[in-house]
């Protein structure tokens, strides 16, 4: 299979590229402008069935040259400006991602791609109107540029299917963590602080809840969707459904690392820090074939990896 992964030098995209490159029947092309990604997240050079382009999906002409060379069958469009602080500080950069979505869809249509997978986000749910959050409910109450772009992106994918029969799958990712996660996301940030015995800072009282999905579960679900032709022209939550408060996460990290870190409370964020997150993952669970990796286990695996890199 000829597969394009945009944003393939990031946490989820890089992990996906590494996994797909293990299968010699795949040829994986990775596009990333390295604004937040890094080359050390790419697959091993021991594998010859992948290629990397330092390119921006918002640049149509650059992207078209890549499409004309490779004739992709499948695309994972994961490129995006990510991270709460980064997206709040760079709202115009976030909004530019709409161009990348349009470029991918227009070229996928022109080159007769079989299916495009889109990394949407739990942010499309905004402040929850129901718990758990179900794929059929999108209240459109999120006002942040990142959430708006993901909502607009979903609308584009559905519209291209209606107009051009371009098949899609929309993954609504909830917090996904693991060894390749950047240091400005909550699990890795807490772990790095704990390893150094530095203070762990929390916005507000820390009672806001999230669910945390270890990367292996994310990859298993997404690759099954590709290889077994699942969720064609559907939206699916990808995450874990065990709710954990941010302060409980901090304490778990401190205990895992046997750290002397202290928890310091900062003023709450003015925006972007939703009170709860909990997906309905009925669709995901049906295809997993095993229990999801627990937060205790996932944090331990990530901690062990970070220690090995010291």
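Testing residue 91 on (1) in contact (Cβ under 8 Å) with a residue 24 or more places away in the chain; (2) over 23 Å from residue 174 (Cβ atoms), one condition comes back false. Which one is that?
Of everything listed in (1) in contact (Cβ under 8 Å) with a residue 24 or more places away in the chain; (2) over 23 Å from residue 174 (Cβ atoms), residue 91 misses just condition (2).
Restricting to the range 159-174, name every residue that is in contact (Cβ under 8 Å) with a residue 60 or more places away in the chain and either surrounded by fewer than 20 Cβ atoms within 10 Å (Cβ to Cβ) or part of a strand (DSSP E or B) (or both).
161, 167, 168, 169, 170, 171, 172, 173
For the range 114-137, enumerate the residues that are assigned to a strand (DSSP E or B) and at pLDDT 95 or above. So that I can check it myself, show each step before the final result.
Of all residues in the range 114-137, those assigned to a strand (DSSP E or B) come to 115-121, 133.
Once the filter is applied, which keeps residues that are assigned to a strand (DSSP E or B) and at pLDDT 95 or above, the range 114-137 yields 115, 116, 117, 118, 119, 120.
Could you please find all residues in the range 44-59 being more than 13 Å from residue 30 (Cα to Cα), surrounded by 14 or more Cβ atoms within 10 Å (Cβ to Cβ) and out of contact with any helix residue (DSSP H, G or I) (no Cβ under 6 Å at 6 or more places or on another chain)?
The answer is 59, and nothing else.
Please verify whether the range 96-113 includes one or more residues that are more than 23 Å from residue 162 (Cβ to Cβ), part of a loop (DSSP other than H, G, I, E, B), in contact with a helix residue (DSSP H, G or I) (Cβ under 8 Å, 6 or more places away or on another chain) and at pLDDT 95 or above.
no
Please work out which residue is nearest to residue 96 (Cα to Cα), limiting yourself to the range 143-155 and to residues that are buried (at least 18 other Cβ atoms within 10 Å of the Cβ) and at pLDDT 95 or above.
Taking the candidates together, the pick is 153.
Results for (1) touching a helix residue (DSSP H, G or I) at 6+ places or on another chain (Cβ under 7 Å); (2) more than 30 Å from residue 114 (Cβ to Cβ); (3) at pLDDT 95 or above, shown as yes or no for each residue.
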| site | (1), (2), (3) |
| --- | --- |
| 195 | yes, yes, yes |
| 202 | yes, yes, no |
| 225 | no, no, yes |
| 233 | yes, no, yes |
| 237 | yes, no, yes |
| 242 | yes, yes, yes |
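Please verify whether the range 126-135 includes one or more residues that are without any contact (Cβ under 8 Å) to a residue 60 or more places away in the chain and within 24 Å of residue 281 (Cα to Cα).
Yes, there is a match, as at least one residue in the range 126-135 is without any contact (Cβ under 8 Å) to a residue 60 or more places away in the chain and within 24 Å of residue 281 (Cα to Cα).
Please state which of the following conditions residue 140 fails to meet, knowing it meets all the rest: (1) in the same structural domain as residue 92 (by TED's automatic domain parsing); (2) in a helix (DSSP H, G or I); (3) surrounded by fewer than 22 Cβ atoms within 10 Å (Cβ to Cβ).
So the condition that residue 140 fails would be (2).
Closer than 24 Å to residue 13 by Cβ, assigned to a loop (DSSP other than H, G, I, E, B) and touching a residue at least 40 places away in the same chain (Cβ under 8 Å): does that describe residue 223?
In short, no.
State all residues of the range 116-137 that are more than 19 Å from residue 210 (Cα to Cα) and crowded, with 19+ Cβ neighbours inside 10 Å; if no residue qualifies, say none.
116, 117, 118
Can you tell me which residue is surrounded by the fewest Cβ atoms within 10 Å (Cβ to Cβ) among those in the range 281-291 that are over 17 Å from the mean Cα position of the chain (by Cα) and closer than 22 Å to residue 209 by Cβ?
The qualifying residue surrounded by the fewest Cβ atoms within 10 Å (Cβ to Cβ) is 291.
The values are calculated or read from the model by the stated rules, or taken from the named source; none is laboratory data. Fair warning: this is a prediction, and the values are worked out from it, not measured in the lab. Note that each Cβ is placed from the backbone with ideal geometry, even for glycine, and that neighbours are counted across all protein chains shown.
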